[in-house]
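Only the coordinates and a few stated rules stand behind these numbers; no lab work does. A quick note: this is a predicted structure, and the numbers were derived from the prediction, not measured. Heads up, the Cβs are rebuilt from the backbone with ideal geometry, glycines too, and the neighbour counts pull from every protein chain shown.
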Amino acid sequence: MLKKTALIILLVIVLILCALLSPWRNFNFDFSSIFGFNSQPEFSTLLVSSYSGELQIYVDSELRGSVGPEGSPFEIEDVIPGVRLIELVRVSDSGIYSKFQQEVNFMPRITTVIAYELGPTDAFSAGHIITPNLNFTNQGATNLNISGQEEVNVTLNSALLGTTPIQSVSINPTTTNAIKLEKEGYETMNIVIAVGGEGASSENAQDLRNVDININAKLFLKPLRVVGD
């Protein structure tokens, strides 16, 4: 079952190290790769992590590989930019698990990160999609956008921002930003965005100017507890 807290840490170390921290292991991503500085401009990249069980990964109905918690993340480097149908299917003899299915808009030279646990129904499945992208209308700011389930309370650094969807909230790219997502009847999700750290410089933080960090999150429904007489 998905842990109550999912931690995501974005670290800038030298050329900005991007790390996704799950409850059981660390997944490290180079932020320069996320923005495609080391990739060919005609392709996008998809990173998929599994919270539980083995997930088969389909892009536009084509099986591109599979991933489990121990092998996460699985990287697909040659996604054609544009709107692509992403499907995650949990490998199981019982066939009782829900399927993740969502259209995702891939930008050239940008990496999309998906981490999920698929349960027996959509309500008992949870995870998140993170897509950073350049947005020159930000006027030099680093903005946070949070979507997904409606009426999820969003707290940033102990200050209540309101309920989802949250749009164009400026964050400081040189400090740690703690995000809490809460909704009655659902497990809480915590996200920590730490842009900076050992080895970082002011030039590193400036690399995140005019960047949107888009988070699409789905919380895990708490099972009902049946109490006997």
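Here are some notes:
- Between the alpha-carbon centres of the range 41-97 and the range 108-160 there is a gap of 18 Å.
- Gain in span if fully extended, Thr155 to Asn133, counting 0.36 nm per residue against the direct Cα distance: 5.7 nm
- Burial ranking of peptide ranges 212-219, 71-78 (average Cβ count within 10 Å, highest at the top): 212-219, 71-78
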